[in-house]
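The values are calculated or read from the model by the stated rules, or taken from the named source; none is laboratory data. All figures in this text were calculated on a predicted structure; none of them were measured in a lab. Positions of Cβ are generated from backbone atoms using ideal geometry, with glycine treated the same way; all protein chains shown enter the neighbour counts. Surface accessibility is based on the protein's heavy atoms, side chains included, excluding ligands, DNA and RNA. Shrake-Rupley method; radii C 1.70, N 1.55, O 1.52, S 1.80 Å.
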Amino acid sequence: MESLKNKIVFITGASSGIGKSTAYAFAKNGSNIIITARRKNLIVEIADDIKKKYGVNVLPIQLDVRNKDEVIETIKSLPKEWENIDILINNAGLAKGLNKFYEDDPNNWDEMIDTNVKGLLFVTHAILPGMIERGFGHIINIGSIAGHEAYPKGAVYCATKHAVDAITRSVRMDTIDKNILVSTIDAGLVETNFSNIRFNGDTEKAKAVYKGLKPLTGDDIADAIIFCASRPPHVNIAEITLLAARQASATIVYREE
Ligand code: 8X3
């Protein structure tokens, strides 16, 4: 296992779920982390807790990845000691609604496309040139089983995750001579705030998604991310797909009564 100690890791969407678990996992491995999210109070709390528990440096930054200028400015104005980002975790993302396409609200599409696709592009485009200049970088995108398959009522969410898969593969090709690793971690049913957000706070609907099976957790995904980030330099994990044990595909799920 390659040491992650003293690496600088930049994580988007770090205020909850997979992003938060990933922040703790890197800190446990001695990395210094920049945690970003829209909700400043949450990442400040997380930063304090991580510093206390693991003694690493943590920089919380309020960031809305949908805002191109804000992304560019944030990366440009990083304090000197935080500039040399080794690993980027493009985690910020969400699903909004689960509706037949012709009944869906187009406002949902803006939010998903702006965050899952354009946000990931803005952040990557702002950080990657520095990695190339320094001769090393690892970009780990959080994709989804929805990037491998389409499912009913998920046209736009599935499209955004297919886009993440395409971006991952293209950027890997574009940087092949630059010592940059590009990976994607694609999960199925992970119980986080994901379904609550998808169903606009309808907790009953959200709970039903995970009913009758044991879903993955943010920590399960963070384990895979750490595995991916800690391989020896000659190894690139192109992709890891994780499903819940009772899940065969995005929609084929075995639930106990
Ligand atoms: C989350 C997995 O199956 O709800 O990306 O789309 S799924």
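Identify, from the list Thr12, Thr22, the residue that is of a type in the set (Ser, Thr, Tyr), under 20 Å from Ile113 (Cα atoms) and touching a Gly at 6+ places or on another chain (Cβ under 8 Å).
Values: Thr22 fails: under 20 Å from Ile113 (Cα atoms).
Unique residue meeting the criteria: Thr12.
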Task: Hits in the stretch 123-140 (condition: open to solvent by 40 Å² or more (accessible area, probe 1.4 Å) and under 19 Å from the mean Cα position of the chain (by Cα)) - done: His125
TODO: Might you let me know whether the stretch 187-209 holds any residue that is of a type in the set (Lys, Arg), within 30 Å of Tyr254 (Cβ to Cβ) and open to solvent by 30 Å² or more (accessible area, probe 1.4 Å)?
DONE: yes
TODO: Give me the pairs, please: first residue somewhere in the stretch 174-199 and without any contact (Cβ under 8 Å) to a residue 12 or more places away in the chain, second residue anywhere and more than 12 Å from the ligand (Cβ to nearest atom), beta-carbon distance under 8 Å, and either six or more positions apart or on two chains.
DONE: Asn196/Asp202; Asn196/Thr203
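Only one of these is away from the ligand (no atom under 12 Å from the Cβ) and under 22 Å from Leu88 (Cα atoms): Thr175, Thr192, Thr160. Name it. Even if it seems obvious, please write down each step before you answer.
Numbers: Thr192 fails: away from the ligand (no atom under 12 Å from the Cβ); Thr160 fails: away from the ligand (no atom under 12 Å from the Cβ).
Being away from the ligand (no atom under 12 Å from the Cβ) and under 22 Å from Leu88 (Cα atoms) holds for just one of Thr175, Thr192, Thr160, which is Thr175.
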- [ ] Kindly provide the set of residues from the stretch 21-36 that are more than 14 Å from Lys5 (Cα to Cα) and either modelled with pLDDT under 95 or outside any helix (DSSP H, G or I) (or both), ordered by number.
- [x] Ile34, Ile35, Thr36
Task: Filter result for the condition that a residue is in contact (Cβ under 8 Å) with a residue 24 or more places away in the chain, open to solvent by 20 Å² or more (accessible area, probe 1.4 Å) and away from the ligand (no atom under 16 Å from the Cβ), over Lys96, Lys118 - done: Lys118
- [ ] Could you please tell me which pairs satisfy a Cβ distance under 8 Å, a separation of 6+ or placement on different chains, a first residue in the stretch 44-56 that is over 16 Å from Asn6 (Cα atoms), and a second residue that is buried (at least 17 other Cβ atoms within 10 Å of the Cβ) and among the basic types (Lys, Arg)?
- [x] Ile46/Lys20
Task: Hits in the stretch 228-251 - residues which are farther than 16 Å from Ile139 by Cβ and out of contact with any strand residue (DSSP E or B) (no Cβ under 6 Å at 6 or more places or on another chain) - done: Pro232, His234, Leu243, Ala245, Arg246, Ala248, Ser249, Ala250, Thr251
Open item on the list: Show me the helices (runs of 4 or more DSSP H) found entirely inside the stretch 162-257 where at least 3 residues are out of contact with any Lys or Arg (no Cβ under 8 Å at 6 or more places or on another chain).
Closed with: 203-209, 218-229
